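Worksheet for the structure shown next.
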Amino acid sequence: MSEACPDKILLLHGLIDGELDAANALELEAHLKGCAGCSQELERLEALRRRLADPAIGYAAPEGLRARITAAIESEGARERRRKTGWSARRVAPFVLGGGLAVIAASLALVVLMPATPSLTLERELVDDHVRSLLAQHLTDVASTDQHTVKPWFAGRTDYSPPVVDLKAQGFPLAGGRLDYVDGKVTAALVYRRRLHAINLFVRPAHGRDGAFETSRDGYNLVRWRKGGLEFWAVSDLNRTELEQFRDLFEQRAGG
Amino acid sequence: MSRSAVALPEFGAWAPPAFGPRGVLRLLAGLVGGGRARGGEAASGLDAADRRRFKELMLPHLDAAYNFARHLLRDPAAAEDVVQEAYLRAYRGFSGYRGGEPKAWLLSIVRNCAFSWSHAERGRAAATHSLDFGREDGPAGPEQIGDPGQETPEAAMVRRGEIEAVRAAIAALPEPFRETLVLRELEELPYKEISAVTAAPIGTVMSRLARARALLAEALKPEEGCA
């Protein structure tokens, strides 16, 4: 078996890929007529390409991925619309008033209208707890996918009873529960997973009027909500759209 | 036009700039950094018409995006994650899309997301040890391998074996040969688009492709089949 001419090799590939211009292609084909080495190399290349031509070699996207992506795009659009309209109301309100007294009233209006943002130290603490739970191989104290095992485990360990729901059918299986320490108090952490991601759901008694809130920190997403006197913080490196889906599903199931 | 918080490759009317190493690093840094500042990102400001256009242009390439991600990462769950992330970033950065081949633009983003993912994964590798996830083996359900009416069961089995052998040989290729080969043979991108997606000059693309094919031919040589 003879070897192809070294200076022609890349051209041969160019030829079979249809990337050579007419002049170069003609010149190469003329060369091929007189060169056994290059001709054989071309045949070998074509044989290889035939083996690669089966369309089933490429992977098709799995079921449901298209729907998830479409949903994510839609909710991204919805979030942008919410964000835009929300801000304009807050910016406009103080300027509607005029005069000295109005300035004070305006500052008060700002304080009242601005969303109650949780203290940044709490967010940092939650992210630290989340990351630590992954690093220290201490993700769960009670490792069980059964809500009926995890929920009672907290009795006597926390003064409140966190709701624990089964979301395995929706793609968020329960991994277990853990005792954590947040803001100076023992706090329940429920661990769920989503594909390769871990979600730490911190549950504690609610205080103040803090309601729904979403933010990001250091590449982790945090979603907070309030229900039935309890405050829930979901922390994960999972994208925000799916984390919000998790919140919606959890809220639905925890209603009872 | 609003500027996206994430630097995205610009394709379109003018030839894509030859990304030097610094340009690539900036791009990657922007994407890794951009991924960490999700809270305050500038809205891409897409209205319903833009959103529809985005879906029309980009959703048809979902299989291509997944296939490319799957071959880059060699992991089905990671590929799903990366494709989802890529579509979100593409959507947010859609105002930066200047026309040109949408598939190549999208695959560029998929590639960058895959790199970000790998980068983060090295840090997560120690962490996920404790999670003990079972890795799913791949999309459930039979993959279409042809018209069952036209193939005998024996032929279908032989073809299945051949497909797996080729996939394994591709998976065994080192980078950057694997990505170049997948883009050329499986995604059928012309050299110019491969050059843009992989941020490499065309000459480099050509020599990588030649090397990839040589390695693959070597790996697939025993055509008599497995012993």
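The values are calculated or read from the model by the stated rules, or taken from the named source; none is laboratory data. Keep in mind that this is a model prediction, so the values were computed, not measured. Glycine gets a Cβ as well: all are built from the backbone with ideal geometry, and neighbour counts include every protein chain shown.
One residue is enough: does the range A:206-215 have a residue meeting the conditions within 28 Å of residue B:82 (Cβ to Cβ) and either crowded, with 23+ Cβ neighbours inside 10 Å or not hydrophobic (A, V, I, L, M, F, W, C) (or both)?
Checking the range A:206-215: at least one residue is within 28 Å of residue B:82 (Cβ to Cβ) and either crowded, with 23+ Cβ neighbours inside 10 Å or not hydrophobic (A, V, I, L, M, F, W, C) (or both).
Would you mention how many residues in the range A:164-197 are out of contact with any Ser or Thr (no Cβ under 8 Å at 6 or more places or on another chain) and either more than 14 Å from every other protein chain (Cβ to nearest Cβ) or outside any strand (DSSP E or B) (or both)?
13
Inside the range A:200-256, can you point out the residues that are away from chain B (no Cβ under 11 Å), in contact (Cβ under 8 Å) with a residue 40 or more places away in the chain and under 16 Å from residue A:129 (Cβ atoms)?
Listed by number, the residues that qualify are A:200, A:201, A:202, A:203, A:204, A:224, A:233, A:235, A:236.
Given the condition touching an Asp or Glu at 6+ places or on another chain (Cβ under 8 Å), surrounded by fewer than 21 Cβ atoms within 10 Å (Cβ to Cβ) and of a type outside the set (A, V, I, L, M, F, W, C), answer yes or no: does some residue in the range B:170-182 qualify?
no
Of all residues in the range A:38-69 being more than 8 Å from every other protein chain (Cβ to nearest Cβ), small (Gly, Ala, Ser) and in a helix (DSSP H, G or I), which is nearest to residue A:15 (Cα to Cα)?
Going through the qualifying residues, I end up with A:39.
Pairs needed: first member in the range B:210-222, more than 9 Å from chain A (Cβ to nearest Cβ); second member anywhere, in a helix (DSSP H, G or I) and surrounded by 15 or more Cβ atoms within 10 Å (Cβ to Cβ); C-beta distance under 6 Å; at least 6 residues apart or different chains.
Cβ pairs passing all conditions: B:211/B:177; B:212/B:177; B:212/B:180; B:212/B:181; B:219/B:169.
Going through the range A:201-213 one residue at a time, which ones are of a type in the set (Lys, Arg) and part of a strand (DSSP E or B)?
Answer for the range A:201-213, where residues must be of a type in the set (Lys, Arg) and part of a strand (DSSP E or B): just A:204.
Pairs under 8 Å by beta carbon, first residue surrounded by 14 or more Cβ atoms within 10 Å (Cβ to Cβ) in the range A:40-55, partner β-branched (Val, Ile, Thr) and assigned to a helix (DSSP H, G or I), six or more apart or different chains?
A:41/A:9; A:42/A:16; A:45/A:16; A:49/A:16; A:51/B:166; A:52/B:166; A:54/B:163; A:54/B:166
Being surrounded by 15 or more Cβ atoms within 10 Å (Cβ to Cβ) and of a type in the set (Gly, Ala, Ser) is the filter; apply it to the range A:155-205 and report the residue that is farthest from residue A:141 (Cα to Cα).
Among those that are surrounded by 15 or more Cβ atoms within 10 Å (Cβ to Cβ) and of a type in the set (Gly, Ala, Ser), it is A:171.
Go through the range B:86-100 and report how many residues are in contact (Cβ under 8 Å) with a residue 40 or more places away in the chain, in a helix (DSSP H, G or I) and either of a type in the set (Lys, Arg) or facing another protein chain (nearest Cβ under 9 Å) (or both).
The number of residues fulfilling the criteria is 3.
Determine which member of the set B:179, B:164, B:185, B:193 is away from chain A (no Cβ under 12 Å), of a type outside the set (A, V, I, L, M, F, W, C) and assigned to a helix (DSSP H, G or I).
Just one listed residue meets the conditions, B:179.
Looking at the structure I just gave you, is residue A:72 surrounded by 13 or more Cβ atoms within 10 Å (Cβ to Cβ) and either at pLDDT below 55 or part of a helix (DSSP H, G or I) (or both)?
The answer is yes for residue A:72.
Residue B:204 - would you say it is under 30 Å from residue A:15 (Cα atoms), touching a Pro at 6+ places or on another chain (Cβ under 9 Å) and at pLDDT 95 or above?
yes
Okay, residues lined up against (1) more than 19 Å from the chain's Cα centre (by Cα); (2) in a strand (DSSP E or B):
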| site | (1), (2) |
| --- | --- |
| A:215 | no, yes |
| A:225 | no, yes |
| A:235 | no, yes |
| A:241 | no, no |
| A:247 | no, no |
| A:252 | yes, no |
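One line per residue, one yes/no per condition, for (1) at pLDDT 95 or above; (2) out of contact with any Ser or Thr (no Cβ under 8 Å at 6 or more places or on another chain):
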{"site": "B:29", "(1), (2)": "no, yes"}
{"site": "B:35", "(1), (2)": "no, no"}
{"site": "B:42", "(1), (2)": "no, no"}
{"site": "B:46", "(1), (2)": "no, no"}
{"site": "B:63", "(1), (2)": "yes, yes"}
{"site": "B:68", "(1), (2)": "yes, yes"}
{"site": "B:83", "(1), (2)": "yes, yes"}
{"site": "B:94", "(1), (2)": "no, no"}
{"site": "B:107", "(1), (2)": "yes, yes"}
